[in-house]
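A quick write-up on the structure given underneath.
The values are calculated or read from the model by the stated rules, or taken from the named source; none is laboratory data. Fair warning: this is a prediction, and the values are worked out from it, not measured in the lab. For neighbour counting, all protein chains shown are included, and Cβ atoms are generated from backbone atoms with ideal geometry for every residue, glycine included. Accessible surface areas use protein heavy atoms only, side chains included; no ligands, DNA or RNA. Shrake-Rupley method; radii C 1.70, N 1.55, O 1.52, S 1.80 Å.
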Amino acid sequence: MTKACQKWRGDLLEVALTGATAKGLEEHLPACANCSEELSELRARKARLDALLPLVAQGTGPSADFRARVLAAAEAASEGKRARPWRLWTLAGVTAVILAALVIGATSYRRRARTVPADELAAAQILTEWRAPSDVLLANPGQEILRQMPRLGESYLHVPVKMPVKMPLKMNEEE
Amino acid sequence: MSALIARAEAHSPEAGFGERIAENQRRVFQIAFSILGNSADAEDVAQEAFLRAYQKFRSLREAEKFRAWVNRIVFRLALNRKRGYRRRLARDTAWQISETRTMVDGARDAEKQVMLDRLHREIERLPEKLRSVLQLSLVEEMGAADVGAVLGIPAGTVRSRVHTARKLLLEVMK
C-alpha cells in the first residue's frame, strides 16, 4: 500500500468487515490498483478469520458423561449437607448438657454456702445486739475540754484572779 | 448411569436439575473453553459452575434465571482460573503451555492449528474489555443481550466492541 493510500486503511477494513463502502473510497477504488488488491487481501483474511473464530470457543465439547458426573458430585454434596444437621443437633445437645451441669453445680454450691457454722452464728447474734455509742460520746472530746478550760483572766478554781497592786517607789520618797 | 441420573432427579428439592444441565452444558463449557483454551480445564470449571448452581437451585428454578446465573458464574470461575495460569506462566515456559493445548485438543490440520494458536495469542493481546466481549460472543447461543447480561453492559455496547475487536484482529492476522 502506497503512502498516499494509507488514509483509506480504516475504510478498507470497514468494507472488508461490513461490506459497506464509504463514499470517497467508492470513487477511489476503481482508480487504485493497490487499494483494490489490499481490499481483496482483507476480504480473504476476513474469510479465514470467520472460519477460525468459532473454533476459539468450541473445543471438543463436554465429555459424554459430564452430566452424570455433575449429578453424582451434586448428590454427594447434598448428602454431606443432609448429614450436617445431625452434627449440629449433636453439638447442640452436648452444649445443653454442659450448661445444665453448670447450673446444677452453681445452685448446690450456693445452697451449701448458705449453711452458717454455729460460732459464726453466735458472733453474728452478738453483733446484732450491740448498740452503737451515742453521738455525745462520739463527739470530739477536745470540745468538752475547751469548754471547761478557764478563759483568759479566769482560774482553774473559778476564783477571780486579783491583779497585784502597784507599789510606790520608796527610794524616791526617801530622797 | 441412567439409574444414577434418575435417582438424583427423584429427590424432590432438586428435581429438574439434570434437565437444566442438559440444556446448558454445551454453552457453559464453551464459555469456559473460550477463556481457558483447553477442554480439561473448561470441563472442570463447567462442573464447578453447575455444582454452585445446584446449591442455589431452589432460587434458580426458572430456566431463564438459571441460564443467566450459570453464564455469569462460569465466566467468573474461568477468569479466576486463568489468573492462576498467568501466575504459573511466570514460572513455566511458553512452549509448555502451547504444547499442552495442542495435546489436549487433539490433532487438527497443521496449518489451521498454527493459525488458531496465533489467533489465540492475538485475542490475548486485545484489551480486556474487547477480549471478554469477543470470547463470549463466539459461544453458540450467546447473543449480544446474553453477553451484555454477563458483563453488565448494554447489548449495543457489546455489538460495538465485537466489531472493534474483529477489526483489530483483521488488521493483525496477516
Problem - ³J(HN,Hα) computed for each position of segment B:151-159 - Karplus, 6.51 cos²θ - 1.76 cosθ + 1.60, integer Hz, glycine/proline x - result: 8, x, 10, x, 4, x, 5, 4, 4
Problem - Peptides ranked, highest mean first, by Cβ atoms within 10 Å: ranges B:112-119, B:141-148 - result: B:141-148, B:112-119
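Give the average, rounded to an integer, of partner chain Cβ atoms located within 10 angstrom of each Cβ in B:21-34. Write out the running numbers ahead of the final one.
On the way: counts 8, 2, 0, 0, 5, 4, 1, 2, 8, 7, 1, 3, 8, 6.
Taking the mean over all residues of the peptide, I get 4.
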Problem - For segment A:3-58, diffusion coefficient by Stokes-Einstein and Kirkwood Rh (Cα), 37 °C, 0.692 mPa s, µm²/s - result: 273
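As a quick test, which of the pairs B:K129/B:K167; A:K23/B:K174; A:K46/B:K174; B:K82/B:K167 have an alpha carbon distance above 21 angstrom in this structure? Can you show the working numbers first?
On the way: B:K129/B:K167 15 Å; A:K23/B:K174 26 Å; A:K46/B:K174 10 Å; B:K82/B:K167 25 Å.
In this structure, A:K23/B:K174; B:K82/B:K167 lie more than 21 Å apart at Cα.
What's the ranking of B:130-140, B:76-86 by average number of surrounding C-beta atoms within 10 Å, highest first?
On the way: B:130-140: 21.7, B:76-86: 14.9.
By packing density, highest mean first, the sequence is B:130-140, B:76-86.
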Exercise for the section: Two decimals is fine: what is log10 I(q)/I(0) at q = 0.15 Å⁻¹ for segment B:108-174, from a Debye sum with one equal scatterer on every Cα and no solvent? Expected result: -0.49
Handout entry: segment A:1-71: trypsin sites (Lys or Arg not before Pro) in DSSP coil with no more than 11 other Cβ atoms inside 10 Å
Key = none
Problem - Karplus 3J(HN,Hα) series, Hz, for segment A:2-13 with 6.51 cos²θ - 1.76 cosθ + 1.60 (x for Gly, Pro) - result: 6, 4, 5, 8, 4, 5, 8, 3, x, 5, 5, 4
Practice task
May I ask you to find the residues of segment B:125-148 that are shielded by at least 10 Å² of accessible area once the whole protein assembly is considered instead of their isolated chain (probe 1.4 Å)?
Solution key: B:L138, B:E140
Practice task
Just tell me how shielded A:44-52 is by partners: mean number of partner chain Cβ atoms within 10 Å of each residue's Cβ, no decimals.
Solution key: 4
